[in-house]
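Single-structure report; data block below.
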Amino acid sequence: MNTKFLLNKIILLCVSAAFFIVNPMTLSSASAATKPSDTLMMTIKKSPADNRDYAALRLANGLQVLLVSDLKADRAAAALDVYVGSGDDPDDREGLAHYLEHMLFLGTEKYPEAGEYQQYIQQHGGSNNAYTSLTHTNYHFSIDPDFLEGGLDRFAQFFIAPLFNEKYVQRERAIVDSEYHARMKDEGRRLWTARSLAYNPAHPSTGFSVGSLDTLADREGDAVRDDLIHFYKQHYHAGKMTLVVVGKQSLETLQDWVTERFASIPADGQARESYDEPLFLQGDLPKQITLKPLKETRRVTFSFPIKSVWPHSKAKPLGFLSNLLGHEGQGSLLSQLKVKGWANSLSAGQGYMDEVQGNFDVSISLNPVGIQHIDEIGELLFAYIKQIKQNGVQPLYFEEQKKIAQLAFNFQEESSPLALAKSLASQLHRFSPKEVLSVHYDYADFDAMLIKEYLAQLRPDNVLLTVVDPALSSDKRSPNYDVEYAISELSASTLARWQQPAAQEGLKLPEANLFVPDNIAVLSANEATDGSKPIKLLDEQGITLWHQTLLDFKQPKAQFMFSLQTPVANASARQTMLTQLYVRAITDSLESYTYPAYLAGLGYDMYRHSRGFTVKISGYADKQATLLARITDAFDIKSLNEERFTQIKQLAVQSLENRLKDSPSQVVSGALYDVLLSPSWTNAEKRAALKELQLSDLQAHAEALLSEYRITAFSIGNVTEEDSLNRAAILQDKLGAHATGPVVQRPVIRKLPA
């Protein structure tokens with residue numbers, strides 16, 4: 001990630017994404033008199049690239065609704081978000097909100113048969129799901145647009161008249177318990193819940209959110225079904241709900257459907273209360289919690305409790321700090337950690353957040369050497385924070401982010417109806433309908449004092465240090481997920497070192513981002529050739545270029561990809577792993593250079609496949625040629641040193657070893673690929689080959705890869721034939737001399753015995 005929050009994707013994030021538990025079943029409700037809805041509100045700020053129509057209304061029962069009409073939609077969707085989650089579980093009924101999510105799928109008064117809703121959705125080409133987070137429970141479905149009305153009719157009944165049928169109480173409780181046990185080895189869930197042991201135990205985030213047979217058991221005089229119904233009646237009312245419906249019908253038709261079906265949701269009930277318990281008790285920080293993972297994973301996270309940033313949604317002080325602390329360019333915190341041979345990646349940004357408080361996290365993935373240098377890593381971090389305090393709170397960085405965000409908004413790419421509905425339903429609890437589509441892209445004026453106010457909270461005496469270390473040995477184990485952990489105070493010497501960090505050579509603030517596009521013009525029809533299908537522009541000297549001008553989306557974006565194909569790449573398990581290391585070495589060497597491009601909406605990907613490897617550049621068309629030239633320059637890895645090779649190899653070994661600890665379904669998927677495709681190599685074969693490899697082997701393999709090959713390239717989007725030929729000319733200049741190799745056959749599917 002590394003601050004990697006491309007602003008054109010932020011709108012797809014749920015407000016409480018840090019605390020989600022996805023579950024395939026759930027929903028529910030009570031009853032209320034139907035009343036007329038308010039009139040449609042049309043003044044909703046949307047992207048110029050967005051061809052959908054939007055309108056908002058609030059029903060008489062208090063339900064906030066956002067309607068989306070998309071005449072070209074091949075899918076319809078709806079999502080209803082209840083502003084209640086596992087953080088609202090009664091103290092003696094952990095997992096009740098999640099259990100309720102399950103029970104709502106099991107029949108209503110109007111549709112009493114359990115599974116009828118799911119069957120209807122599936123019969124009409126759709127899908128349905130729900131999730132329970134700390135503060136939200138989100139129910140959603142997609143469906144063929146012609147059957148949206150029927151889906152809404154069944155969906156609404158969850159929140160009007162659910163049965164909570166007694167015959168399913170025990171069965172569904174067992175399913176919740178099975179889900180809990182099935183995910184006991186889910187690394188993210190294990191480590192997150194264990195980390196909460198360092199929090200104030202009275203804060204809701206420390207609870208057991210999933211539930212089990214024990215927490216949901218019937219007790220003398222206290223049946224879980226009774227608690228379930230009480231919880232439902234207490235929390236599931238229209239004032240705590242938001243609904244988003246996306247369909248191809250007109251806004252007026254969607255309004256009629258929604259009003260008719262959702263106005264009977266109960267209007268009365270308690271308003272949502274904020275979590276006023278502090279995350280940490282007075283005098284509780286600084287401290288360290290160390291956790292033992294199941295996989296070969298090493299990480300250190302510096303987590304700073306801060307005041308809520310919600311009141312400053314347009315000033316974006318945390319976005320400003322995330323951009324600087326999570327930067328990966330030359331002189332950045334991550335680049336210096338890599339120079340020292342300690343870190344693999346870094347992310348910085350908002351963690352948990354509610355209307356009162358939250359966390360700002362700097363999380364660093366470490367290698368086996370880095371885990372031994374936590375004190376020095378902390379000193380580097382606080383030295384960089386000191387630099388930001390002294391010289392970094394500048395309008396330059398804010399205006400750059402603002403410009404990138406405006407471009408992302410203006411040329412926003414369309415999300416799926418389901419993703420849109422899920423996200424907006426969650427966010428409508430925080431933002432008004434008028435701004436919910438634009439708020440993540442809108443920037444107010446630069447506010448240096450506000451940024452400094454949040455920066456002042458990133459102090460050594462105000463930090464929870466979370467260390468994930470496979471070498472930990474402790475007799476303490478967390479409840480529910482059985483994670484070995486240890487909690488300790490930070491030493492006085494460590495604290496003193498971080499409070500007065502020494503100046504760090506090479507550490508510097510980012511320079512202006514040269515990849516922010518200057519040319520954002522969209523081609524007109526008379527500037528481009530017929531884009532109905534790709535055409536071959538070039539086929540000579542081992543390089544084939546296909547081109548397609550695509551103007552349908554009216555975006556100044558394009559994609560250029562090329563595949564370098566050679567039989568040397570995958571002829572054996574050894575060569576496969578050498579190709580993998582080669583790709584890793586190139587992407588590693590480019591990280592500082594390409595990160596500013598990523599922030600500016602121009603990304604690239606490079607990956608190995610059975611015929612060689614592929615480079616894919618995508619984003620704003622402007623400056624793609626500059627990035628392409630730099631990527632091809634990096635194909636020469638002669639400057640790769642022994643230390644960095646060792647780190648790259650360790651990552652590859654770690655990745656293969658961790659696959660052995662994947663879930664059974666993931667293991668089966670990998671094995672299926674190995675069985676069916678040829679040539680392919682098993683995990684065991686690749687691990688054995690990898691462990692023997694040296695730097696000299698990789699350098700020799702790189703020479704072999706680049707000695708004879710063929711290149712196939714494809715250029716598509718807001719590009720002319722001349723643009724595509726100019727990109728191909730870079731390939732010819734950099735790689736054309738050896739583009740003389742044979743055609744490499746695609747992998748074949750093995751014929752299995754009877």
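Treating each Cα of the chain as an identical point scatterer and ignoring solvent, apply the Debye formula and state log10 I(q)/I(0) at q = 0.05, 0.09, 0.10 Å⁻¹.
Relative scattering, expressed as log10 I(q)/I(0), comes to -0.28, -0.99, -1.23.
List the aspartates and glutamates whose alpha-carbon lies under 19 Å from that of residue 452, not counting same-chain residues fewer than 8 positions away?
Straight-line reach from residue 452, under 19 Å: 361, 399, 400, 461.
Run down the aspartates and glutamates and flag those whose C-alpha is under 14 Å from the C-alpha of residue 661, throwing out any fewer than 8 positions away in its chain.
Filter leaves 186, 187, 296.
Measuring from the lowest to the highest alpha carbon on each principal axis, how far does segment 322-478 reach, largest first, in angstroms?
For segment 322-478, the Cα extents along the three principal axes come out at 52, 41, 30 Å.
To the nearest 20 debye, what is the magnitude of the charge dipole of the chain about its Cα centre, counting +1 on the Cβ of each Lys and Arg and -1 on the Cβ of each Asp and Glu? The partial results should precede the final answer.
Values: 75 positive and 90 negative charges, 291 e Å.
Using only the charged Cβ atoms, the result is roughly 1400 debye.
Counting every Cα pair in segment 306-364, what percent are over 18 Å apart?
Numbers: 670 of 1711 pairs.
Tail of the P(r) past 18 Å holds 39 percent of the pairs.
What does the charge dipole of segment 318-404 about its Cα centre add up to, to the nearest 20 debye, if the Cβ of each Lys and Arg holds +1 and the Cβ of each Asp and Glu holds -1? Working shown, then result.
Details: 6 positive and 9 negative charges, 60 e Å.
The dipole of segment 318-404 has a size of about 280 debye.
Set the Förster radius R0 to 25 Å, insert the Cβ-Cβ distance between residue 685 and residue 369 as r into 1/(1 + (r/R0)^6), and round the FRET efficiency to 0.05. Don't skip to the end; give the middle numbers.
Numbers: r = 28 Å, r/R0 = 1.13.
About 0.35, to the nearest 0.05.
Which value in nm describes the separation of the simple spin-label points at residue 42 and residue 74, placed 7 Å from the Cα toward the beta carbon?
3.0
What are the semi-axes of the equivalent ellipsoid of segment 645-754, taken as the square roots of 5 times the eigenvalues of the Cα gyration tensor, listed largest first and rounded to whole Å? Write out the running numbers ahead of the final one.
Working: eigenvalues 220, 93, 54 Å².
Semi-axes from the Cα gyration tensor: 33, 22, 16 Å.
How large is Rg/Rh for segment 519-563, to two decimals, with Cα atoms and a Kirkwood Rh? Let's see the in-between values first.
Values: Rg = 12.2 Å, Rh = 12.0 Å.
Rg divided by Rh gives 1.01.
Residue farthest toward the positive end of the dipole of the chain, with Cβ of Lys/Arg at +1 and Asp/Glu at -1: which of 456, 78, 713?
Positive-end residue among those listed: 713.
How much length is gained on full extension from residue 297 to residue 430, taking 0.36 nm per residue of separation minus their Cα-Cα distance?
Numbers: separation 133, 0.36 × 133 = 47.88 nm, distance 3.55 nm.
Using 0.36 nm per residue and subtracting the Cα-Cα distance, I get 44.3 nm.
What do you get for Rg/Rh of segment 483-620 when both radii come from the Cα atoms and Rh is the Kirkwood radius?
On the way: Rg = 23.2 Å, Rh = 20.0 Å.
We get a ratio of 1.16 for segment 483-620.
Leaving out ligands, DNA and RNA, what percent of the accessible area of the chain is carbon and sulfur, probe 1.4 Å? Each step should come with its number before you reach the end.
Working: 16000 of 31530 Å².
Using a 1.4 Å probe with all protein chains present, the chain comes out at 51 percent carbon and sulfur.
Take the alpha carbon gyration tensor of segment 482-521, find the square roots of its eigenvalues, order them as a ≥ b ≥ c, and report rounded if a/c is under 1.5; if not, report prolate when a/b exceeds b/c, else oblate. Provide the component values of the computation, followed by the final result.
Details: a/c = 6.16, a/b = 1.91, b/c = 3.23.
Here segment 482-521 falls in the oblate category.
Taking N as the number of residues in segment 583-700, what is its Cα Rg relative to 2.2 N^0.38 Å? Before the final figure, lay out each step's value.
Values: Rg = 16.7 Å, N = 118, 2.2 N^0.38 = 13.5 Å.
That ratio works out to 1.24.
When only Cα pairs under 8 Å and 6 or more residues apart are kept, what is the percent relative contact order across the chain? All intermediate terms of the calculation are to be shown ahead of the outcome.
Values: 1512 pairs, mean separation 119.1, N = 754.
With pairs under 8 Å counted, the relative contact order is 16 percent.
By its C-alpha gyration tensor, with a ≥ b ≥ c as the square roots of the eigenvalues, how is segment 476-559 shaped: rounded for a/c under 1.5, else prolate for a/b larger than b/c, else oblate? Please list the in-between numbers first.
Values: a/c = 3.42, a/b = 2.29, b/c = 1.49.
Here segment 476-559 falls in the prolate category.
Looking at 137, 274, 112, which one has the Cα that reaches farthest to the positive end of the dipole of the chain (charges on Cβ: Lys, Arg +1; Asp, Glu -1)?
So the residue we want is 137.
Quick one: 3J(HN,Hα) in Hz for segment 340-345, Karplus 6.51/-1.76/1.60 with θ = phi - 60°, rounded, Gly and Pro as x.
Whole-Hz 3J(HN,Hα) from phi for segment 340-345: 7, x, 10, 10, 10, 7.
For segment 664-726, divide the Cα radius of gyration by the Kirkwood radius and give the resulting Rg/Rh value with two decimals.
1.18
Could you tell me the calculated FRET efficiency between residue 414 and residue 223, based on Cβ-Cβ distance and R0 = 51 angstrom, to the nearest 0.05?
On the way: r = 48 Å, r/R0 = 0.93.
Efficiency at R0 = 51 Å is approximately 0.60.
Could you give the length gained on full extension between residue 457 and residue 187, defined as 0.36 nm per residue of separation minus the Cα-Cα distance, in nm?
Values: separation 270, 0.36 × 270 = 97.20 nm, distance 2.95 nm.
In short, 94.3 nm is gained.
Just the accessible area for residue 532, please: 1.4 Å probe, Å², rounded to the nearest 10?
Probe radius 1.4 Å; accessible area of residue 532 about 90 Å².
Size of the dipole of segment 555-655 about the Cα centre, Lys and Arg at +1 and Asp and Glu at -1 on the beta carbon, nothing else charged, in debye to 20?
On the way: 11 positive and 8 negative charges, 57 e Å.
The calculation lands at about 280 debye.
Please work out whether segment 42-195 counts as rounded, prolate or oblate from its C-alpha gyration tensor, where a ≥ b ≥ c are the square roots of the eigenvalues and a/c under 1.5 means rounded, while otherwise a/b larger than b/c means prolate and anything else oblate?
The shape class here is prolate.
Using a basic spin-label model with each label point 7 Å from the Cα along Cα→Cβ, how many nm lie between residue 609 and residue 165?
Computed distance between label sites residue 609 and residue 165 equals 4.8 nm.
How far apart, in nm, are the 7 Å Cα→Cβ label points at residue 527 and residue 197?
Between residue 527 and residue 197, the label points sit 6.1 nm apart.
Using 0.36 nm per residue, how much length does the chain from residue 174 to residue 287 gain when fully extended, once their Cα-Cα distance is taken away?
36.9 nm
Below 24 Å, Cα to Cα, which lysines can residue 422 reach? Residues fewer than 8 away in the same chain don't count.
4, 9, 45, 46, 72, 233, 240, 248, 314, 316, 434
Lys/Arg Cβ at +1, Asp/Glu Cβ at -1, dipole of the chain taken about the Cα centre: which of 583, 151, 125 is farthest positive-ward?
Final value for the positive-end residue is 583.
Using the beta-carbon distance between residue 675 and residue 123 and R0 = 25 Å, what value does 1/(1 + (r/R0)^6) give for FRET efficiency, to the nearest 0.05?
Numbers: r = 33 Å, r/R0 = 1.33.
FRET efficiency, residue 675 to residue 123: 0.15.
Compute the acute angle (0 to 90°) between the alpha-carbon long axis of helix 169-182 and the principal axis of greatest extent of the alpha-carbon atoms of the chain; round to the nearest 10°.
Compared with the principal axis, the helix lies near 20 degrees.
Please work out the average accessible area per residue across the chain, using the 1.4 Å probe convention, and give it in Å².
I get 42 Å² per residue for the chain.
Cα centroid distance between segment 543-568 and segment 463-538, in Å?
29
The values are calculated or read from the model by the stated rules, or taken from the named source; none is laboratory data. If you're wondering where the values come from, they're calculated on a predicted model, not measured in any experiment. For neighbour counting, all protein chains shown are included, and Cβ atoms are generated from backbone atoms with ideal geometry for every residue, glycine included. Ligands, DNA and RNA are excluded from the accessible area calculation, which covers all protein heavy atoms including side chains. Shrake-Rupley method; radii C 1.70, N 1.55, O 1.52, S 1.80 Å.
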